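Here's the structure we're looking at; comments come further down.
Read-outs throughout are calculated quantities, based only on the coordinates presented, and are distinct from any laboratory measurement. Being a predicted model, the structure only gives us computed values, none of them experimental. Here the Cβ is made from the backbone with ideal geometry for all residues, glycine too, and neighbour counts use every protein chain on show.
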Amino acid sequence: MNSSVTSVSGAAPSRPRLAIGFAIYCVVFGAIWVVLTNGDTSSWMFGIPFTAFAALVSSAMSPITRLPIRPLALIRFLAYFLRNSVVGGVDVALRALQPSMPLTPGIVVCSLRLPTPTTRALLAYTVSLLPGTLSSGLEDEVIALHVLDTEQPVLVEIRRIENLIADIMGIELLELPAVPSVEKTSQDGDLNA
Amino acid sequence: MSWMDFLVIALLIVSTAFFIVGTIGLLRFPDVYSRLHALTKADNLGLGILILALALNSASGLVSIRLMLTWVLVLVATATTSHLIARAARESGVEPWVKP
């Protein structure tokens, strides 16, 4: 079950695995194309080459290393995402509308426990769309977040999203360094995490 | 008009409000990072509500799926571009605004 972890240490996935990943991307992107073009067969002249190209780039940049996705965990993740999209939109709307415009922004740097580049990228995507956080750099396992309100318990949310993503993939999270490499710039005061 | 029409109109108005507030945030917020927050969050929610309204209005399964797919693709594009803009700003040394 730990085969995906090997890609962290730089070992490339084997050839058959790459081929399977490419095929999966082709099917997914092809399905997207068919839905978007309403099944119009004359559009395949563009659809087939672009689908193949997108699948090629995707499997080169983020090869699929494991397939089984846990549907229940995915639903939990989507529920969390939808709920927090609403919270995030309302939160930023209220800040923008108040005359006093309550903002105490800053940069929060933290280490991630997710073992693979793909899952870390998914986390970076997720936090950018959730309340008060915006990914502004992802270097290996270290993510730099811009937060709108440094009083908010940002790290608690990051850990929660990590757990949700690890559950979807059925993977183990890495141990954090004994001393959490959390550093906060631009602001004083404590992070509530 | 049926109650469904009223629901669709209400959702459209709410979604427009989020787009407008996102733009207000874009204009009022102090630096590039905060402005990205305003755009990504408010516009995504606004678009989500808009898509919901259009899906209800269409009452067609395939059209609804296509609309949802559009929302997901826009979410991915938004998250990617905002990440790239924020990263480019940090790498070129743009300091985040700090509350005085």
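Couple of notes before you dig in:
- Highest-fluctuation residue, B:V21, B:V76, B:V32 considered, GNM on chain B with Cα pairs under 10 Å: B:V76
- C-alpha center-to-center spacing [the range A:57-122, the range B:56-100] in angstrom: 11 Å
- Inter-chain neighbour count for B:39-52: the average number of beta-carbon atoms from partner chains within 10 Å of each residue's beta-carbon is 4.
- Calculated diffusion of chain B, Stokes-Einstein form, Kirkwood radius summed over Cα pairs, 10 °C and 1.306 mPa s, µm²/s: 105 µm²/s
- Dividing the alpha-carbon radius of gyration of the range A:71-185 by the rule-of-thumb value 2.2 N^0.38 Å gives 1.08.
- Loop-located trypsin sites (Lys or Arg not before Pro) across chain B with a Cβ neighbour count of 13 or fewer within 10 Å are lacking, with loop assigned by DSSP.
- Computed over chain B: relative contact order in percent, which uses C-alpha pairs under 8 Å that are six or more apart: 31 percent
- The protein assembly as shown: Cα Rg divided by the 2.2 N^0.38 Å rule of thumb: 1.07
- ³J(HN,Hα), Karplus 6.51/-1.76/1.60, whole Hz, each residue of the range A:32-42, x for Gly, Pro: 4, 4, 4, 5, 5, 9, 6, x, 5, 5, 5
- Helix-only CD estimate at 222 nm, as mean residue ellipticity for the protein assembly as shown, using -39500 (n - 2.57) per DSSP H run (n ≥ 4): -20500 deg cm²/dmol
- Selected from A:S14, B:P96, A:L103, residue furthest toward positive end of dipole (the protein assembly as shown; charges at beta carbon): A:S14
- Calculated from backbone phi, Karplus (6.51, -1.76, 1.60) coupling profile of the range A:98-114 in Hz, x at Gly/Pro: 5, x, 6, 6, x, 10, 10, x, x, 9, 10, 10, 8, 7, 9, 9, 5
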